[in-house]
Amino acid sequence: MEKLKNSTNSLEQTNPDTTSTKIRIENLLTLDENFNDFLKILELYKLKWVARNCSNIYHDSKENIDYERKETTAEHVCSLINLADYFIFSVPEFSKLDRLKVYDLIKCHDDPEIITEDTCISDEEWKEVKKKSEDEAIPILIWSLPEKLKQMRLDLINEYREWTTPEPKFVKAVDKMDALVHELQYPKDRGPKWFNEKTVRKWFQPAFEYSPIFMNYFENIMKYLKINNYF
């Protein structure tokens, strides 16, 4: 950069018309204010760092390494989109939902975890203070986002938390369904997390009760867990 400045100074001394060239070069070296706002999108990338209480065991073919770690919230969000598509495209009851709104709610529903981190569904004590913790975290998170996303993101988070319209109810059910489906891959997770028929019904069933369709899938999962000795 010092060489660049020296070269523009030399040009200016020999040619009075180089002043505009120097200005253009200096402008190129200065980040646009909008670009600085754009970089705030990285705050949402932090969902990739939020560990959930679900296992994620896989082989990294790039490094040829077997990994055993926790699922991230970002991975959970990706799975929710796939589950949502399954139910929207295969169940007439859900075909009239606003699919874009569903995707937006899925995308935003766990944003507060960037600050609060994930809470395991079996952590009864922490669940009691989760809402208060999120109430405090949401304004901090929203403030850190790009200007164009702030109000949209806040509205979606609030709509999801109020849980009064069809799309948030659907997303809440899919959110719980994903935890059950994901853990079908990891039977050993059941015992250490206090999963048994009683606790699974207590923690998951309320999200499904508004829909006979979801209740049917839930009951079939419960049968599958029993048949395959998950608990």
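The values are calculated or read from the model by the stated rules, or taken from the named source; none is laboratory data. Keep in mind that this is a model prediction, so the values were computed, not measured. All Cβ positions, glycine included, derive from the backbone under ideal geometry; neighbour counts span all protein chains shown.
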When region 85-98 is examined, which residues are found to be surrounded by 17 or more Cβ atoms within 10 Å (Cβ to Cβ) and in contact (Cβ under 8 Å) with a residue 40 or more places away in the chain?
PHE87, PHE94, LEU97
Going residue by residue through region 33-51, is there one that turns out to be under 30 Å from LEU180 (Cα atoms), assigned by TED's automatic domain parsing to the domain that holds ALA173 and assigned to a strand (DSSP E or B)?
yes
When residues of region 137-167 are limited to those that are within 13 Å of GLU43 (Cα to Cα) and basic (Lys, Arg), the one surrounded by the most Cβ atoms within 10 Å (Cβ to Cβ)
ARG153
Scan region 171-230 for residues that are basic (Lys, Arg) and closer than 22 Å to CYS78 by Cα and report the count.
2
If I filter region 115-122 for residues that are under 20 Å from LYS40 (Cβ atoms), of a type in the set (Ser, Thr, Tyr) and assigned to a helix (DSSP H, G or I), do I get at least one hit?
yes
When you look at LYS101, is it under 10 Å from the mean Cα position of the chain (by Cα), part of a helix (DSSP H, G or I) and surrounded by 14 or more Cβ atoms within 10 Å (Cβ to Cβ), yes or no?
no
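Residue by residue, here is whether (1) in contact (Cβ under 8 Å) with a residue 60 or more places away in the chain; (2) closer than 27 Å to LEU97 by Cα holds:
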{"residue": "GLU125", "(1), (2)": "no, no"}
{"residue": "ARG161", "(1), (2)": "no, yes"}
{"residue": "GLU167", "(1), (2)": "yes, yes"}
{"residue": "ASN216", "(1), (2)": "no, yes"}
{"residue": "ILE227", "(1), (2)": "no, no"}
Just the residues that are touching a Pro at 6+ places or on another chain (Cβ under 9 Å) and either more than 17 Å from ARG52 (Cα to Cα) or exposed (fewer than 12 other Cβ atoms within 10 Å of the Cβ) (or both), please, taken from region 104-132.
LEU105
Of all the residues that make up region 27-62, how many are of a type in the set (Asp, Glu), touching a residue at least 12 places away in the same chain (Cβ under 8 Å) and over 25 Å from GLU117 (Cα atoms)?
0
Note: among LYS202, LYS172, just one is part of a helix (DSSP H, G or I), out of contact with any strand residue (DSSP E or B) (no Cβ under 9 Å at 6 or more places or on another chain) and under 21 Å from TYR103 (Cβ atoms), namely LYS172
For region 205-214 the number of residues that are surrounded by 12 or more Cβ atoms within 10 Å (Cβ to Cβ), assigned to a loop (DSSP other than H, G, I, E, B) and either at positive phi or without any contact (Cβ under 8 Å) to a residue 24 or more places away in the chain (or both) is 0
